[in-house]
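Taken together, the values in this text are just the output of simple stated rules run on the coordinates, not laboratory data. Being a predicted model, the structure only gives us computed values, none of them experimental. Note that we place each Cβ from the backbone using ideal geometry, even for glycine, and neighbour counts take in every protein chain shown.
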Amino acid sequence: MAETICDRSSELLGDYVENRLAPAERTAMDAHFETCAACVELLRSYMAIPEIARRATAVNMPPEARERLRQFLAANKSRG
């Protein structure tokens, strides 16, 4: 089965977001994103992952516990 430009775009998405593509590849992907709503939506979803992960792992720690943790980490910093 032949690989489509959408398949190739999804494979390169991480490199695109992290700006690790060769200029010609980036230009080709930019052009593709101008005409492909599905790939733009995939790009938006991919770019939202870090914020989703931050929210999912956010901990509302009481101030006393936060201070005890800070002290513990400071006291054990030299242990490696």
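Laid out as a table, the results:
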item	result
GNM result for the chain, Cα springs below 10 Å: residue of 68, 20, 44 fluctuating most strongly	68
Helix-derived mean residue ellipticity, 222 nm - over the chain, DSSP H n ≥ 4, -39500 (n - 2.57), to 500	-24500 deg cm²/dmol
Computed lengthening from residue 33 to residue 73, 0.36 nm per intervening residue step minus Cα-Cα distance	9.8 nm
Cβ-based exposure ranking for 11, 18, in which fewest neighbours within 10 Å come first	18, 11
About the Cα centre, charge dipole magnitude for the stretch 5-79 (Lys/Arg +1, Asp/Glu -1 at Cβ), debye	740
Karplus (6.51, -1.76, 1.60) ³J(HN,Hα), θ = phi - 60°, over the stretch 14-29, in Hz, Gly and Pro reported as x	x, 5, 5, 5, 8, 6, 10, 8, 5, x, 5, 5, 5, 4, 5, 5
Distance cut-off 15 Å, percentage of C-alpha pairs in the chain lying past it	69
Unpaired by the 4.7 Å Cβ criterion, cysteines found in the chain	6
